[in-house]
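Shown next, in structure tokens, is the structure this report addresses.
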Amino acid sequence: MRGVFVDANESLAVIMERLEKPGDPKVRINRNPDITPEQYPDILDGAEIAIVDHTALPTEVAKKCTGLKHLVFLGTGARSYMNPEELAELGISVHLIKGYGDTAVAESAIALMWASARVIAMMDREMRAGNWLREDGMQLTGKTLGLIGFGGIAAEVARIASGSGMKVIAWNRSPKSHPGVEFTDLDTVLARSDVVSLHLLLNDETRGMITREKIAKMKPGVIFVNTARAAIVDEAAMIEALKSGHIRHAGLDVFNTEPLPADHPLTKIPNVTLSAHSAFRTPEASENLIEAALVHCRRIVKG
């Protein structure tokens, strides 16, 4: 059984070559992270396993991938790039990787929270332009952090935030308990939190879940952080809330269109701190990610 890493950047390719063991299924590494979906059939060349980092696989293209039976997606957000149910109807199983970057993403969420609270990016931009901008920040010690969704990443965020003197409350779709975290209903989290951080998978239930009405229920002057998926939020409503000041500042790592176009409205709003969908990008997380992908491949071959 053959595999192909279809869209490897150089750092992930090097890690995979280092972690491969004797007896592993043969995985060819395509060192081009910028392939187009239409290139899948030629790149796979009949291979049964595709390892995919970020390239969309439309169902119509998947139909042309003769021999493809398994797709190992490097992360949890496969639905942003493909339709797993439609692929299953074609006999292609989609395998996800969870937990590999919990600490990396949590630290990024915390970094975006602090950067937003102290408007660091805004001051940096202004100083580079020759303006001595001095802004009052939000002191976070004693403030309430509300987590929407509570998995491994949110648990790490709660650990770090609690250690910095914040009160942590959370809502999860299924009942949860965690030391030092108060669980309550979603509307209460929105109303009480000085900072709201989103930690949900994107699926049919969560798509568009943070509506205009939900944003209106947030505390005026709230900081909003999203390292999950952009499609969970009504983008237009969020932008309006940023312009009005209802949302004091947003720290965003994910966007409906990626890469974010230079003329996108979010690039024109001063009270937004942007990062390029890179919350998970640390050497430690990449190592965990590729090792987990190889474990999937070994398990698939063993049946």
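Computed quantities for the displayed model
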| item | result |
| --- | --- |
| Ordering of 60-66, 297-303, 114-120 by packing [mean C-beta count within 10 Å, highest first] | 114-120, 60-66, 297-303 |
| Fully extended contour minus Cα-Cα distance, from Arg192 to Thr257, at 0.36 nm per residue | 20.3 nm |
| Exposure ranking of Met123, Met113 by accessible area [1.4 Å probe, largest first] | Met123, Met113 |
| Percent antiparallel among DSSP beta bridges (both partners in the chain, rounded to 5) | 5 |
| Reachable aspartates and glutamates from Lys167, criterion Cα separation under 15 angstrom, eight or more residues apart if same chain | Glu156, Glu182, Asp194 |
| By accessible area with a 1.4 Å probe, ligands and nucleic acids excluded, highest first: order of Asp187, Asp42 | Asp42, Asp187 |
| Under 30 Å from Lys268, Cα to Cα: lysines that are on another chain or at least 8 residues apart | Lys143, Lys214, Lys217, Lys219, Lys243 |
| Value at 222 nm in deg cm²/dmol, rounded to 500, when DSSP H runs of n ≥ 4 in the chain each add -39,500 (n - 2.57) | -10000 deg cm²/dmol |
| Residues whose placed amide H lies under 5 Å from that of Val222, excluding near-sequence neighbours | Arg248 |
| Listed peptides 248-259, 149-160, 205-216 by packing density, highest first (mean Cβ within 10 Å) | 149-160, 248-259, 205-216 |
| Distance between modelled label sites at Glu182 and Asn131, nm, 7 Å Cα→Cβ extension | 3.9 |
| Rough spin-label spacing in nm, given labels placed 7 Å along Cα→Cβ, for Glu240 and Asp124 | 3.2 |
| Karplus (6.51, -1.76, 1.60) ³J(HN,Hα), θ = phi - 60°, over segment 121-137, in Hz, Gly and Pro reported as x | 5, 5, 5, 4, 4, 5, 5, 5, 8, x, 9, 8, 7, 10, 10, 6, x |
| Nearest-10 value in Å² for the accessible area of Asp102, using the 1.4 Å probe | 40 |
| Net charge of Cβ neighbours under 11 Å - reference Arg212; Lys, Arg +1; Asp, Glu -1 | -2 |
| All lysines inside 24 Å of Lys302 as judged from Cα atoms, apart from same-chain residues fewer than 8 positions distant | Lys21, Lys26, Lys69, Lys98 |
| Of Gly142, Gly77, Gly221, the one that fluctuates the most in a GNM where the chain has Cα springs shorter than 10 Å | Gly142 |
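The values are calculated or read from the model by the stated rules, or taken from the named source; none is laboratory data. Predicted model, so just to flag it, every value in this text is computed and none were measured. Positions of Cβ are backbone-derived with ideal geometry, glycine not excepted, and every protein chain shown enters the neighbour counts. Surface areas here come from the heavy atoms of the whole protein model, side chains and all, with no ligands, DNA or RNA. Shrake-Rupley method; radii C 1.70, N 1.55, O 1.52, S 1.80 Å.
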